[in-house]
Amino acid sequence: MGKKADLLQGTLHLLILKALSVQPLHGLGVSNRIGQITDGTFEVKPGSLFPALHRMEEAGWLKAYWGESENNRRAKYYMLTKAGRRQLETETKDWQRISLGIATALRAT
């Protein structure tokens, strides 16, 4: 596992959408999944995660419901909506274009 990195502006929503693309998760599950899919590069703290989840729910990208966590505690679960899946596709394409541009710039002589 490499050095932890600061999230670039605009990446948090993409990472949350990607984390939720397979199954609904509660907040801690979203944070853990982001750590897993980024090979530990990004650690999302609750102070950033929960406001983002609420913004995304208000935008219609996520739907939330109450359920029971693995340790038998009440937890709010989040799942992607159709609009959220479309947003994931849009943001994925945008970041692929951006990362290609950065990689091209770094190869320039």
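Before moving on, here are some points about what is shown:
- Scanning segment 18-55 for residues that are of a type in the set (Gly, Ala, Ser) and over 21 Å from Gly67 (Cβ atoms) yields a total of 4.
- Flag if Glu43 is at pLDDT below 95, surrounded by fewer than 18 Cβ atoms within 10 Å (Cβ to Cβ), touching a Lys or Arg at 6+ places or on another chain (Cβ under 8 Å) and on the phi < 0 side of the Ramachandran plot: yes
- If the condition is being within 19 Å of Val22 (Cβ to Cβ), of a type outside the set (Gly, Ala, Ser) and assigned to a loop (DSSP other than H, G, I, E, B), then segment 47-95 contributes Trp61, Glu70, Thr81.
- Candidates are the residues of segment 33-46 that are β-branched (Val, Ile, Thr) and assigned to a helix (DSSP H, G or I); the one that is nearest to the chain's Cα centre (by Cα) is Ile34.
The values are calculated or read from the model by the stated rules, or taken from the named source; none is laboratory data. Nothing here was measured: the structure is a model prediction, and the numbers come from that model. Every residue, glycine as well, gets a Cβ built from its backbone with ideal geometry; the counts of neighbours run over all protein chains shown.
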